[in-house]
1. Please tell me if Lys48 is farther than 19 Å from Ile94 by Cβ and modelled with pLDDT of 90 or more.
2. His174 is checked against (1) over 23 Å from Gly10 (Cα atoms); (2) at pLDDT below 85; (3) not charged (D, E, K, R) and fails just one. What number does that condition carry?
3. From the list Lys79, Lys43, pick out the single residue that is within 16 Å of the chain's Cα centre (by Cα) and either under 23 Å from Glu123 (Cβ atoms) or at pLDDT 95 or above (or both).
4. Under 8 Å by Cβ, and 6 or more places apart or on different chains, what pairs join a residue from segment 169-190 that is surrounded by 11 or more Cβ atoms within 10 Å (Cβ to Cβ) with one that is aromatic (Phe, Trp, Tyr) and assigned to a loop (DSSP other than H, G, I, E, B)?
5. Of all residues in segment 14-30, which are closer than 12 Å to Phe188 by Cβ, in contact (Cβ under 8 Å) with a residue 12 or more places away in the chain and not in a helix (DSSP H, G or I)?
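The values are calculated or read from the model by the stated rules, or taken from the named source; none is laboratory data. Just so it is clear, the structure is predicted and the values come from calculations on it, not from any experiment. Positions of Cβ are backbone-derived with ideal geometry, glycine not excepted, and every protein chain shown enters the neighbour counts.
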Amino acid sequence: MNKLAILHEGNEKKTHDNELIVMLIQHLGFDEKKVNFYGMRSKSNFYKVNCPEYRSFKESIEIGLVEKVLFILDADSNKNDAIYGGYDNTLKTIRAIIQQLAIENLSQIYIMCDPETKEGYLESLILATIPDDRKCCIEDFLKCSHFESKENHKAILHSIYKIAYPQAPYHFAHHYFDDLKQKLIWLFTP
């Protein structure tokens with residue numbers, strides 16, 4: 001029986017966030033089938049204590065189906081969202097929600113972002129882990145292509161990365177992945 005849970009943005013099926021998490025779990029030698037993935041759809045749903053995803057999740061905790069949970073969400077930018085955007089705002093707000101849900105003792109949090117700027121999302125973390133010359137090429141392409149939409153930017157950045165580096169899609173040995181690895185090790189350790 002799966003007693004571990006990961007709550008992440010997107011849905012519980014294959015998303016970029018889910019894909020990276022599963023690959024990192026496998027890289028660490030753990031079995032991703034031991035985890036119940038709860039797709040929260042949008043980041044804003046993390047902040048709605050009464051959303052359907054939390055109701056289902058809380059029921060699983062109450063009947064003993066979930067004993068540990070890892071919350072994984074994007075930092076985004078505090079320029080775009082002064083309340084929930086940016087690492088510090090995201091951390092403060094999700095801690096308050098975890099407290100309202102009364103699950104502090106079985107929860108950990110990981111916020112996806114560029115570790116230097118403390119803003120961004122999964123793609124920002126991935127971009128931060130590649131060598132500077134390769135990062136420059138990707139950033140130059142994004143600048144000259146004039147993609148305005150955040151969603152297009154994320155999708156294009158992810159696609160460029162996967163096309164450019166198909167043999168090793170993520171550099172899990174990079175120290176920027178260490179915190180996420182530690183959170184996953186905590187999740188899988190009895």
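1. No.
2. Here His174 clears every test but (2).
3. Result: Lys43 is the single residue among Lys79, Lys43 that is within 16 Å of the chain's Cα centre (by Cα) and either under 23 Å from Glu123 (Cβ atoms) or at pLDDT 95 or above (or both).
4. From residues that are surrounded by 11 or more Cβ atoms within 10 Å (Cβ to Cβ), the pairs are Phe177/Tyr170; Lys181/Phe172; Leu184/Phe30; Phe188/Phe30.
5. Selection gives Leu28, Phe30.
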